[in-house]
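Structure, as structure tokens:
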4 protein chains.
Amino acid sequence: MSKPIREADLVPRLEGQGYSAEALAERRRWIEERTGARLAHAGSSTIPAEEMRGNIENPIGAAQVPLGLAGPLLVQGEHAQGVFYVPLATTEGALVRSYERGAAAITRAGGATARVLTDENRVSPVFLFENAAEAAAFSRRLPELFEGLKAEADATTRHGRLLRVEPLPLGREVVVHFAWWTADAHGMNMIVKGTDQACRWLVEQGHAPRYYVFSGAESEKRASGALFAGGKGKKVTADVRLPARLVRAYFHTTPAGLADVWRRTVLGHLQAGTTGYNGHIANGLTALFIACGQDVANIANSAVGITSFEVVEGGDLYASVTLPSLTVATVGGGTGLGTGRECLEMLGCFGAGKAPKLAEIAAALVLGGELSFGAAIASGEFVAAHETYGRNRI
Amino acid sequence: MSKPIREADLVPRLEGQGYSAEALAERRRWIEERTGARLAHAGSSTIPAEEMRGNIENPIGAAQVPLGLAGPLLVQGEHAQGVFYVPLATTEGALVRSYERGAAAITRAGGATARVLTDENRVSPVFLFENAAEAAAFSRRLPELFEGLKAEADATTRHGRLLRVEPLPLGREVVVHFAWWTADAHGMNMIVKGTDQACRWLVEQGHAPRYYVFSGAESEKRASGALFAGGKGKKVTADVRLPARLVRAYFHTTPAGLADVWRRTVLGHLQAGTTGYNGHIANGLTALFIACGQDVANIANSAVGITSFEVVEGGDLYASVTLPSLTVATVGGGTGLGTGRECLEMLGCFGAGKAPKLAEIAAALVLGGELSFGAAIASGEFVAAHETYGRNRI
Amino acid sequence: MSKPIREADLVPRLEGQGYSAEALAERRRWIEERTGARLAHAGSSTIPAEEMRGNIENPIGAAQVPLGLAGPLLVQGEHAQGVFYVPLATTEGALVRSYERGAAAITRAGGATARVLTDENRVSPVFLFENAAEAAAFSRRLPELFEGLKAEADATTRHGRLLRVEPLPLGREVVVHFAWWTADAHGMNMIVKGTDQACRWLVEQGHAPRYYVFSGAESEKRASGALFAGGKGKKVTADVRLPARLVRAYFHTTPAGLADVWRRTVLGHLQAGTTGYNGHIANGLTALFIACGQDVANIANSAVGITSFEVVEGGDLYASVTLPSLTVATVGGGTGLGTGRECLEMLGCFGAGKAPKLAEIAAALVLGGELSFGAAIASGEFVAAHETYGRNRI
Amino acid sequence: MSKPIREADLVPRLEGQGYSAEALAERRRWIEERTGARLAHAGSSTIPAEEMRGNIENPIGAAQVPLGLAGPLLVQGEHAQGVFYVPLATTEGALVRSYERGAAAITRAGGATARVLTDENRVSPVFLFENAAEAAAFSRRLPELFEGLKAEADATTRHGRLLRVEPLPLGREVVVHFAWWTADAHGMNMIVKGTDQACRWLVEQGHAPRYYVFSGAESEKRASGALFAGGKGKKVTADVRLPARLVRAYFHTTPAGLADVWRRTVLGHLQAGTTGYNGHIANGLTALFIACGQDVANIANSAVGITSFEVVEGGDLYASVTLPSLTVATVGGGTGLGTGRECLEMLGCFGAGKAPKLAEIAAALVLGGELSFGAAIASGEFVAAHETYGRNRI
């Protein structure tokens, strides 16, 4: 059944890997001929072709995702302070309206408080030993090796720095969390490189026979219970206290109504074995990530979060959302490309020193979305809202 | 602290909710003035403004995400048969190259077999009763109410149909899975509407005092263990048998090397309490979803999957990937908009009757990515590959 | 390093596997000589030695666990109706007092309602195929094979019967849940035998090349999210409505106090990635299982449960507990041995037809324990209670 | 419906809470009259009645569980060295034989290596603040409060000591792990008391307004993903390398056969959303716990573990088991009572300084059980073994 792939069947790489406008056009023609599809929209990318180098291979243009604004969103953070209008890229009708409603209610109530609680990233290689005794010995010896490890690791980067290592022995294997500070970058490439260098050093020095640079225990781009302990991106929280009259005015329900939805749906999540609990954090975060040039696949870990609603003294609503593993960046990756950069600039979040600010805005945004979604359930208006704003598709 | 929001601080809705090209431009000017950002790229959207109605509110243009091609990918499915070139939208350098490598190896080996195992979607409302006795009685009575429920539910849609209902009683509450067939649409709006109508009927007929249309147990846009039992989108699998020489040629490792990475990283995932096990399914799926106009937030459930590598008779590699909750659509949502439609057409997957085909291609694509990622770990080339193709960002 | 084990170093099996009183004594002397321990208590077993055959090998006597009574516990079930005094075997001081307090409060409030929601058990073999296509074909063919399977399976037992089979394909493997009704036995031996016979038949008939009789997906004696869907033992629930004055009188707190503990500790469980949510279900169930001759290792699945507290109209407390996977028996296993039988008789639960009754009592008991534990947290009396009743051990 | 409970309906407490032999007898007569049950076996307890004080309330005697021996088990630990015969209390036929087989094979291969990797216990109270800003501030201030906390906590006990505190902020709440060293006791009563004292001090000093001493995040007596990070009891591992000929001789299968069972059943566990992966750890640990006077409800956390089988160079089998949360004690609780003490003495594990030794023996025992169980699946002999040794109950 197996036969060689003809050169003609490979996607054309073209000169210099093909990052000129002409190369993109040639590749588009190539695929149009093969498939009959016409790529007028895809070819209308305004990102200078050469700028795509390092972000994508075999480029043919850009995908376009409708972009809208949700706001005003008043944030009372340590890094983000003031009113924001949040760019969201999505094709799900009613999503922007829902987040806008939540943002407005929060703003009306004086804003959402937001805090970055921990801020680091990790790579978790696994070291393989002859037996459990050697693995245990390595785990115990690791603290005294830290200075050497750190010297090797930090030498690979001007921006990140290794904070600590934590061994997780299991039989004859030892997973080691390498915890890094990555400044305003997501930084996975950076810290994988530094971690790999440190691992090589351990092998060269005879401390371990071999390793794989990923073990899966890092939980990069996956949902896991381990995310709640922090360490994979920023742990950030946002909260607000909403007077009952605002809950009624904006959400057509009561604080008790929202608290009741919360408790019932917590039970639903527990029965499903969900990682965490929330209404629809994935919706707002994904739209924010696409808009702001983030690594969207990190939604898998970033959308794990815990939302809380309760009635407090005076009959007001207290609401919070905590994202234990928000991986956002304001430098590197897609943050400098076309619309990504524009959207970050809209938030005053482009470039160095801005990642914590973006994290606080994201948490406040998501808080608004949780309120709005919960209210749609509580008030029974969910279907009506989607009838009004969504496409009556079918 | 709280004061009214001034009209001027609201995002301009403009006439008819503002879906003309002028409305988008006006909204862009409004936000540019407020923030100082310049939205040249965002304003270069080629999606006709009016077509965004139903997909987004407060539109200002479109986000652009670099789009590349991975292929050839030979798929031996029941719906997808032949060679495909898969459009991927991402800003993560090396991702397309990684999936391309996997696709080529699969193709060289005769293609990936793919199967859609189950195909449905669900909404899981929760009904609230006075006490556990009444809740239990309702659960037991539900089978005999099915015909009535189905009549109410099916009357709300021309495309979906209610397949069955499954009660999950818990104390005085009963979550009920409403399982639907949704044809080629993701269909959440459709089936929420139908389910809501059936719920109202239950209340009107006196079978239940009240309900919330979502309980969280449906696991829409969230990772959960319950996804593995199926019922939230398509359950799809793909596999391939790779001769050892192809593993060496394409991946610079051996079948035993990949099997070893598999077993070590399974242990890492187990320790992290991950939902499922895989290398980086989120990467390829997210890029495919953005390209093809899918609801990208569904990555939260779709990227939950289980990858398997093993050495088989003859020393070959057997590899499979199973996605228990792939929510893809070829009609509705963003599938008809600009680049989304173009990318679906590139795959021969636009329109009615094509969703199972898209699901098979997605599974085969992901299989390639799993092979390539695993191999990068096994061979120790992960860092080098990202040095070559990724942006040396920092 | 390896050398043969001398005959003298093996535990003496003795004649007929050594189930006479003399054999037990001889084995005790043997181990006493080797270890210097004196086994006066262990040798005081009153279980006739020969009756241990089939329940244990290499017997030397019996372990003794202190046995106490918690009650009165008024149960309003479908199978259990009236007041019960529940035997609990434990060495944890304050445990019986805690459950007694909960039972008394429930009784004072008119009793706990209890319902068995589903009642079955399962074995989940995994079948191995050449590739995913064959695995998918087998999954699809399974419904039409059911009659044949059932005939094979049911022929192996006079008591159980196969209810249905549910395939879970994954790559080239197919896990199949064999769902059985097991009458009043736990029945694992029975249904493993029947399932194995059905699997052999499938292989003989050429439907599958090979299988393992356990896949792990059955979740026997392990905690898993899959338990909440039911199918591994009895799913049972109990609830009660407690007037605020009884909450104060018995628990020194308020309905709002208990509801507050509930919501805070739910958040704690979510962060830990716990399977389910409850206060200390494992405590009461374990003590009940040891007392009543149950298979105590089944605590691993049985103690997975969800507790709920809420304030309802009138300011009363509503409390429920749901155990999705309670594996209790009133025939077979250790139910007929010495104290096991006596304790079952104390509850009117010995023998055929009584397992659902035992399940209802267990759920009501656990509900009392949850109330008492939650109250100890809410009132801040937890430490004081353990000072009073627990051993000031160290 | 509610009416007072008559004094006569309460379990008689009797003088001094009723811990004399006469009191037990009187209570037995009382329950016999009420229920018609005869408690000859339960009344044959040889534990001096007064010694039950602090371990149980309302005592009526003792439950008897058949006790058998599994061994020889050769352990090469740091604390346990030599051959052990392990007392197991169970009513599940074939269990002792299965563990005996595994122990013998391990012994024949030169013994199991065992290591205690971490050794601590924790209580995780939750502190409640006005809002997220105050909660974050508390989390950040915690390190500087540690000395004060430790002084308060350590003053409550002569045996334990507080090692560190770790905050987990979430919205306006902060769970704090209080990590303790508890010497040879399980120590929950001890460390809850010490933690409670430290919490009171925090409130008195104005650092926090209020708290609950348990948040659920401690994972005491429950299965959770968080257990794999350690901190709840002892993390212990055991491994062995078995030559292929011993695998054949003892287990009637091959190293490859066991490795195959491992990989298939890992997939089954992943689909079930199980916490960890293992064959039947709960079986052996439960039997050991009942025999040795442990707190058996801790099976819920202790039986969470990860087993690993693989074929290594030379075609041998490598097997390991890791228990991340083994809560065993050799002082306090039921360790000094009758059979509990005798069984600990049989293992040379009674009293101070012996808990790590018991942990190593437990891990080695469980390793044997995993091998034997896996082999029964691999060889297809599972059903036959239970036919031979189990009770043909029904």
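The values are calculated or read from the model by the stated rules, or taken from the named source; none is laboratory data. The structure displayed is predicted, hence computed values, not measured ones. Please note: Cβ atoms are built from the backbone with ideal geometry, for glycine as well, and neighbour counts cover all protein chains shown. Ligands, DNA and RNA are stripped out before the accessible areas are found, and what is left, the full protein with its side chains, is counted by its heavy atoms. Shrake-Rupley method; radii C 1.70, N 1.55, O 1.52, S 1.80 Å.
D:Lys232: which aspartates and glutamates have alpha carbons under 20 Å from its alpha carbon, excluding same-chain residues fewer than 8 sequence positions away? Within the straight-line cut-off, D:Lys232 pairs with A:Glu166, C:Glu92, D:Asp119, D:Glu120, D:Asp154, D:Glu166, D:Asp184, D:Asp196, D:Glu218, D:Glu220, D:Asp295, D:Glu360.
In nanometres and ascending order, the distances from the D:Ala25 label point to those of the other copies are 2.6, 10.3, 10.7 (point 7 Å from Cα along Cα→Cβ). Projecting the Cα positions of B:Gly216, B:Gly336, B:Leu285 onto the charge dipole of chain B (unit charges on Cβ atoms of Lys, Arg, Asp and Glu, taken about the Cα centre) puts B:Leu285 furthest along the positive direction. In this structure, the pairs whose alpha-carbon distance is over 18 Å, taken from A:Lys193/A:Lys234; A:Lys234/A:Lys357; B:Lys193/B:Lys234, are A:Lys193/A:Lys234; B:Lys193/B:Lys234.
When C:Arg210, D:Arg122 are compared by accessible surface with a 1.4 Å probe, the order from highest to lowest is C:Arg210, D:Arg122. Of all the options D:Gly348, D:Gly77, D:Gly273, the one that moves most in a Gaussian network model of chain D with Cα springs shorter than 10 angstrom is D:Gly273.
What residues does the range C:134-182 have that are buried by at least 40 Å² of accessible area in the full protein assembly compared to the chain on its own, 1.4 angstrom probe? Residues passing the criterion (a loss of at least 40 Å², heavy atoms only) are C:Arg140, C:Leu168, C:Pro169, C:Leu170, C:Gly171, C:Arg172, C:Glu173. In the assembly of identical copies, D:Arg13 has its label point, taken 7 Å from Cα in the direction of the beta carbon, separated from the corresponding points by 5.5, 6.7, 8.4 nm (ascending, one decimal).
Summed over both chains, the contact between C and D buries some 11900 Å² of accessible surface at a probe radius of 1.4 Å.
Hey, what did chain A get for relative contact order, percent, Cα under 8 Å, at least 6 apart?
Working: 808 pairs, mean separation 79.6, N = 394.
Taking the mean separation of contacting Cα pairs over the length of chain A, I get 20 percent.
Shape verdict for chain B, please, from the Cα gyration tensor: rounded (a/c under 1.5), prolate (a/b greater than b/c) or oblate. Because a/c hits 1.5 or more and a/b fails to exceed b/c, chain B counts as oblate. Counting only protein heavy atoms and a 1.4 Å probe, chain A has 29 square angstrom of accessible area per residue. The charge dipole of the protein assembly as shown, taken about its Cα centre with unit charges on the Cβ atoms of Lys, Arg (+1), Asp and Glu (-1) only, comes to about 0 debye.
When the Cα positions of D:Leu39, D:Tyr85, D:Asn58 are compared along the charge dipole of the range D:1-106, D:Leu39 comes out farthest toward the positive end, with charges on each C-beta of Lys, Arg, Asp and Glu.
Computed over every Cα-Cα pair of the protein assembly as shown and binned at 20 Å starting from 0, the pair-distance distribution P(r) comes out as 10, 39, 38, 13, 1 percent. For D:Gly61, nonlocal amide neighbours, meaning residues 5 or more places apart or on other chains whose placed amide H falls under 5 Å from its own, are C:Leu67. Is the C-alpha gyration tensor of the range C:1-48 telling us rounded, prolate or oblate? Criteria: a/c under 1.5 is rounded; beyond that, a/b larger than b/c is prolate, otherwise oblate. Because a/c hits 1.5 or more and a/b fails to exceed b/c, the range C:1-48 counts as oblate.
Seen from B:Gln64, the other residues with C-beta closer than 13 Å to its C-beta sum to a net charge of -1, counting Lys and Arg as +1 and Asp and Glu as -1.
Solvent-accessible surface of protein heavy atoms, probed at 1.4 angstrom with all chains present, puts C:Arg38, B:Arg141, B:Arg263 in the order C:Arg38, B:Arg141, B:Arg263, largest first. So, with a 1.4 angstrom probe, what is the percent of accessible area on the protein assembly as shown that is carbon and sulfur? Here carbon and sulfur together make up 50 percent of the probe-accessible area.
When +1 charges are put on Lys and Arg Cβ atoms and -1 charges on Asp and Glu Cβ atoms, the dipole computed for the range C:270-384 relative to its Cα centre reaches about 400 debye.
Looking down the axis that turns chain A into chain C, the chain A residue with its beta carbon nearest that axis, and the gap rounded to whole angstrom, comes out as A:Val266, 3. Put a plus charge on the Cβ of each Lys and Arg, a minus charge on the Cβ of each Asp and Glu, and nothing anywhere else: the dipole of the range A:151-191 about its Cα centre is then about 20 debye.
Probe radius 1.4 Å, ligands and nucleic acids left out: which of A:Lys150, D:Lys221 has the largest accessible area, and how do the rest follow? It would help to have the intermediate numbers written out before the result.
Working: A:Lys150 50, D:Lys221 15 Å².
Result, largest first: A:Lys150, D:Lys221.
Look at where the Cα atoms of the range B:251-303 and of the range D:238-314 average out, and the two centres are 26 Å apart. Annotation note: GluC sites (Glu not before Pro) in the range D:43-82 located in DSSP loop regions with a Cβ neighbour count of at most 15 within 10 Å are D:Glu78. Can you tell me how the range B:295-394 classifies by the Cα gyration tensor, rounded, prolate or oblate, using a/c under 1.5 as the rounded cut? Cα axes put the range B:295-394 in the oblate bin. In the range A:321-368, the residues that give up 50 Å² or more of accessible area when the other protein chains are added, compared with the chain on its own (1.4 Å probe), are A:Thr339, A:Glu342, A:Met346.
Each other copy places its own label point for B:Arg164 at 0.4, 5.1, 5.1 nm from this one, sorted shortest first, where the point lies 7 Å along the Cα-to-beta carbon line.
If the chain linking C:Val83 and C:His252 were pulled fully straight, counting 0.36 nm for each residue of separation and taking away their Cα-Cα distance, it would gain 58.4 nm.
The Cα center of the range D:132-199 and the Cα center of the range B:1-66 differ in position by 51 Å.
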